[in-house]
Amino acid sequence: MSRRFRRSALIGSGLATVLVAGTVLVACSPGTSGDSNVAVTGAYIPLPATPGGMAAGYLTVQNIGSGADQLVKVSSPGAKSVTMHRSTDTTMEEVGALPVAAHGKLLLERGGNHLMIMGWTKAPAVGDVLELDLTFARGRTISVQAPVKPLTYRPGS
């Protein structure tokens, strides 16, 4: 075997290894296979009971993708803090993430999962709109406009 042939074979082998490794990395990255495809609907915020006080936020996240996702962060330019909570009959606890199943929904609703909004930059009034920026584990951030509704508002009623 000639030196030139061995060098070419070695270079070709190395190149093939790099290409295969790159293909595996791309195929295993979270954004390429089994993607989530999330949409947010029905966002609203009941008017806080005390002016400028803490408020809850409700919405629905629909995942029409074949991969599960998680809501990992919510922020707003109109509030100092937006946290995610889970409620049961007897407790409410802050959580770091909320799952969104593949082909499923995440409901943030009264008595269940919800957002807590604190430190409004401007005291809210019925008819105001607060921007909520929802960040998902797969890297997507969605901005939604959540209208402030009367404290007694119930969707569909």
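Express as a percent, rounded to the nearest 5, the fraction of DSSP beta bridges in the range 38-149 (both residues included) that run antiparallel. Walk me through the numbers on the way to the answer.
Details: 36 of 38 bridges.
So the antiparallel bridges in the range 38-149 amount to around 95 percent.
Kindly put His85, His114, His103 in sequence by how many other C-beta atoms sit within 10 Å of each C-beta, fewest to most.
Numbers: His85 18, His114 21, His103 13.
With the sparsest Cβ surroundings first, the list reads His103, His85, His114.
Give me the net charge of Tyr153's neighbourhood, meaning all other residues with Cβ under 13 Å from the Cβ of Tyr153; Lys, Arg count +1, Asp, Glu -1.
On the way: positive: Arg110, Lys149, Arg154; negative: Glu109.
The answer is +2.
For the residues Leu115, Leu98, what sequence is obtained by ranking on other C-beta atoms within 10 Å, fewest first?
Values: Leu115 24, Leu98 21.
The most exposed by this proxy come first: Leu98, Leu115.
Going by C-beta contacts inside 10 Å, put Ser81, Ser76 in order with the fewest on the left. Could the numbers behind the result be given before it?
Values: Ser81 13, Ser76 20.
The order, fewest Cβ neighbours first, is Ser81, Ser76.
What do you get for Rg/Rh of the range 99-157 when both radii come from the Cα atoms and Rh is the Kirkwood radius?
Values: Rg = 13.6 Å, Rh = 13.8 Å.
Rg/Rh: 0.99.
At a Förster radius of 25 Å, what calculated FRET efficiency corresponds to the Cβ-Cβ distance of Ala137 and Met54, to the nearest 0.05? Before the final figure, lay out each step's value.
On the way: r = 26 Å, r/R0 = 1.05.
FRET efficiency, Ala137 to Met54: 0.40.
Convex hull over the Cα atoms of the range 38-149, averaged projected area in nm²? Write out the running numbers ahead of the final one.
Numbers: hull surface 26.0 nm².
Orientation-averaged projected area of the Cα hull: 6.5 nm².
Computed from the coordinates by the stated procedures, all read-outs in this text should not be read as laboratory data. Computed from a predicted model, the values in this text were never measured in an experiment. Positions of Cβ are generated from backbone atoms using ideal geometry, with glycine treated the same way; all protein chains shown enter the neighbour counts.
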